[in-house]
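J.: Sharing a structure below in structure tokens format, with a few things to ask.
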Amino acid sequence: MIIQKVIIYDYGGWCRRDGGGKGDGGKVDSGRWVVVAVRNVVVEKEKGNNVMAKENLKVLNALDVAKTQWYHFTAIVIAGMGFFTDAYDLFCISLVTKLLGRIYYHNAGDKNPGSLPPNVSAAVNGVAFCGTLAGQLFFGWLGDKMGRKKVYGMTLMLMVICSIASGLSFSDEPTAVMATLCFFRFWLGFGIGGDYPLSATIMSEYANKKTRGAFIAAVFAMQGFGILTGGMVACIISAAFKSSFPAPAYEDDPLRSTVPQADYVWRIILMFGSIPALMTYYWRMKMPETARYTALVAKNAKQAAADMSKVLQVDLEAEPEKLQEKSPNSFGLFSKQFAKRHGLHLLGTTTTWFLLDIAFYSQNLFQKDIFTAIGWIPAAKTMNAIQEVFKISRAQTLIALCSTVPGYWFTVAFIDRIGRFKIQLMGFFFMTVFMFALAIPYHHWTQKENRIGFVVMYALTFFFANFGPNATTFVVPAEIFPARLRSTCHGISAASGKAGAIIGAFGFLYAAQSQDKTKTDKGYPPGIGVKNSLIVLGVVNCLGMLFTFLVPESNGKSLEEMSRENEGEDEEGMEMESERTHENRSVPI
């Protein structure tokens, strides 16, 4: 009997045999078992995997080429409302910290209004970032283990509950109020942290490859509206209270300059952010699990096709119920294969986000101090408590309206045309330029006639942060890693960013203090001054520009193409597989 050439097509659960013709080799007795040639098995097995990838991932191809539909915009709003709340809650605290100092840390006889002690100020400003960092790591990991949808509602409810609880911080004793405020803001940050990897991953896995960058950036752009709304809400509430409860300036009457009703102002501002998030909770729970998680991680292509048929409103062919349980690309986060294939990518996304957030959050959280330093906001003693809130929130609103929000939406408009890499490189470059342009001739900008110029230059740094790395560092980690590790890797990248935000929040608080001991804020040691702090931030942005070269361009490519999930293992992995096959795989003839 002539030996048959047997080719095995491994479809993850069933095999097919194709017999060869005469002249294929030597003879054996009927009924013998022969080991299939190792080379043929490895090659054909690899072909089988590729066929399977193409055959059973039609649903993913349908998502990649789908036209922009109503469900895309629905997903943007549902995911974006979480980011609206994220930004509102993270940044609104900077609007009320001076008010908290006046209410709870007033010292009779002081020529300046009360202010938060350095340790309390650092805790109030930074504790939410600590929670966010922890939440990004935990929920990022959980999103890959349990699925995006199952975890998505948990983060939103945590944000809503803790946002309300922050405004209900009890007692009128400073220590008790600040302790409960910090407690709830930590858990608020924990929920916010979960929203980063989950929202980015969900949007990337729902979007088509042609406009994926714009859709993910649009979710993140809701952060701009959150910052803007925070300023507007603070303006409206402080204006209403100022009109209803008039008070003299601090220098005229220190005690009466802070009316008792001012305690309601900061509480209402903090609690307002929960409303938009609460309104979208139902719709977030109605979203189906993403097809990529269901097909590639849960290994249920049939369910993925069924879910996406409803979403896309098209009939997708029923596909094999289960994918192969063990694919060649099943390496873990801490494996050599991951380090070889994605190690530099993860280094690039973590370092650029880390460096960006040092500059971005230090600017955002302490812009009130910068504006006061250049005289754009009057001296605190010339205003009453509520009036100061109004002035600070008005300044933030103008910056957000003129630079922050437009920057985000410029990214949405151009990210799929220019590409992620160019936008990020450009953003870091111009942030560096404008930081040095502000810092080097700093004395020039402090002159009264030049203050408007300072504000314009400062606003441009925000514009290029958002039309640049602040958006792209969020987008890229959701596109370049494998589905089973996508949420985890995005969480790691985002957590690295929040570590930078903590450094910015705590470090700039001290660094920006005047070098003259007589001009520092109460309780603070002398720092390096605003000028030198801006120079440091310029250097940080320059480093971000250099590390951008580690980040790959994902524009116009499918998620599977970027993560190389349809490819086999590397040579070492193939050799190991071939050895196992040689030892174990045989077929009867």
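J.: Of all residues in region 325-343, count the ones that are assigned to a loop (DSSP other than H, G, I, E, B), loosely packed, with under 14 Cβ neighbours inside 10 Å and modelled with pLDDT of 80 or more.
T.: The qualifying residues number 3.
J.: Which condition number in (1) modelled with pLDDT of 90 or more; (2) touching a Cys at 6+ places or on another chain (Cβ under 9 Å); (3) within 20 Å of residue 94 (Cα to Cα) is the one that residue 459 fails?
T.: It fails just one condition, (1).
J.: Here's a follow-up. Let me confirm something: among 167, 126, 153, which residue is farther than 30 Å from residue 259 by Cα and not charged (D, E, K, R)? Break it down stepwise before answering.
T.: Numbers: 167 fails: farther than 30 Å from residue 259 by Cα; 126 fails: farther than 30 Å from residue 259 by Cα.
Selected residue: 153, the only one of 167, 126, 153 that is farther than 30 Å from residue 259 by Cα and not charged (D, E, K, R).
J.: If a residue has to be small (Gly, Ala, Ser) and more than 25 Å from residue 143 (Cβ to Cβ) to count, how many in region 168-221 make the cut? Explain how you work it out, then say what you get.
T.: Filtering region 168-221 for residues small (Gly, Ala, Ser) gives 169, 171, 176, 179, 189, 191, 193-194, 199-200, 204, 207, 213-214, 217-218, 221.
If we keep only those that are more than 25 Å from residue 143 (Cβ to Cβ) as well, we get 169, 171, 176, 179.
Final tally of qualifying residues: 4.
J.: Show the residue pairs meeting these rules: Cβ distance below 9 Å; 6+ apart or different chains; first residue within region 354-377 and under 15 Å from residue 474 (Cβ atoms) and open to solvent by 20 Å² or more (accessible area, probe 1.4 Å); second residue of a type in the set (D, E, K, R) and at pLDDT 65 or above.
T.: 354/498
J.: Moving on to the next point. Confirm whether residue 189 is buried (at least 24 other Cβ atoms within 10 Å of the Cβ) and part of a helix (DSSP H, G or I).
T.: Numbers: buried (at least 24 other Cβ atoms within 10 Å of the Cβ): yes; part of a helix (DSSP H, G or I): yes.
In short, yes.
J.: Among 507, 527, 468, 538, which is the only one that is modelled with pLDDT under 95, over 30 Å from residue 145 (Cβ atoms) and more than 24 Å from the chain's Cα centre (by Cα)? If you could, list the steps in order and put the result at the bottom.
T.: On the way: 507 fails: more than 24 Å from the chain's Cα centre (by Cα); 468 fails: more than 24 Å from the chain's Cα centre (by Cα); 538 fails: more than 24 Å from the chain's Cα centre (by Cα).
Of 507, 527, 468, 538, the one residue that is modelled with pLDDT under 95, over 30 Å from residue 145 (Cβ atoms) and more than 24 Å from the chain's Cα centre (by Cα) is 527.
J.: Would you point out which residue out of 262, 234, 277 is of a type outside the set (Asp, Glu), closer than 19 Å to residue 76 by Cβ and crowded, with 18+ Cβ neighbours inside 10 Å? It would help to see each step written out before you state the result.
T.: Numbers: 262 fails: closer than 19 Å to residue 76 by Cβ; 234 fails: closer than 19 Å to residue 76 by Cβ.
That would be 277, the only listed residue that is of a type outside the set (Asp, Glu), closer than 19 Å to residue 76 by Cβ and crowded, with 18+ Cβ neighbours inside 10 Å.
J.: While we're here: Between a residue in region 156-174 that is closer than 23 Å to residue 282 by Cα and any residue that is open to solvent by 10 Å² or more (accessible area, probe 1.4 Å) and assigned to a loop (DSSP other than H, G, I, E, B), which pairs come within a Cβ distance under 8 Å, given they are 6 or more apart or on different chains?
T.: What qualifies is 156/280.
J.: Let me ask you something else. Taking the options 390, 414, name whichever one is at pLDDT 90 or above, open to solvent by 10 Å² or more (accessible area, probe 1.4 Å) and in contact with a Cys (Cβ under 7 Å, 6 or more places away or on another chain). Even if it seems obvious, please write down each step before you answer.
T.: Values: 414 fails: in contact with a Cys (Cβ under 7 Å, 6 or more places away or on another chain).
Among 390, 414, only 390 is at pLDDT 90 or above, open to solvent by 10 Å² or more (accessible area, probe 1.4 Å) and in contact with a Cys (Cβ under 7 Å, 6 or more places away or on another chain).
J.: Taking the options 181, 158, name whichever one is open to solvent by 30 Å² or more (accessible area, probe 1.4 Å) and either part of a helix (DSSP H, G or I) or more than 20 Å from residue 265 (Cβ to Cβ) (or both). Working first, answer last.
T.: On the way: 181 fails: open to solvent by 30 Å² or more (accessible area, probe 1.4 Å).
Matching residue, one of 181, 158: 158.
J.: Follow-up question, since we're still on this one. Please indicate, with yes or no, whether at least one residue in region 272-288 is at pLDDT 70 or above, part of a helix (DSSP H, G or I) and in contact with a Cys (Cβ under 9 Å, 6 or more places away or on another chain).
T.: Quick first cut of region 272-288, residues at pLDDT 70 or above only: 272-288.
In the following step, the residues that additionally are part of a helix (DSSP H, G or I) were identified as 272, 274-279, 281-286.
Cutting the leftovers down to in contact with a Cys (Cβ under 9 Å, 6 or more places away or on another chain) gives us 272, 274.
Yes, region 272-288 contains a residue that is at pLDDT 70 or above, part of a helix (DSSP H, G or I) and in contact with a Cys (Cβ under 9 Å, 6 or more places away or on another chain).
The values are calculated or read from the model by the stated rules, or taken from the named source; none is laboratory data. Since the model is a prediction, treat every value here as computed from it, not as a measurement. Using ideal geometry, Cβ is built from the backbone for each residue, glycine included, and neighbour counts are taken over all protein chains shown. All accessible areas refer to the heavy atoms of the entire protein, side chains included, with ligands and DNA or RNA removed. Shrake-Rupley method; radii C 1.70, N 1.55, O 1.52, S 1.80 Å.
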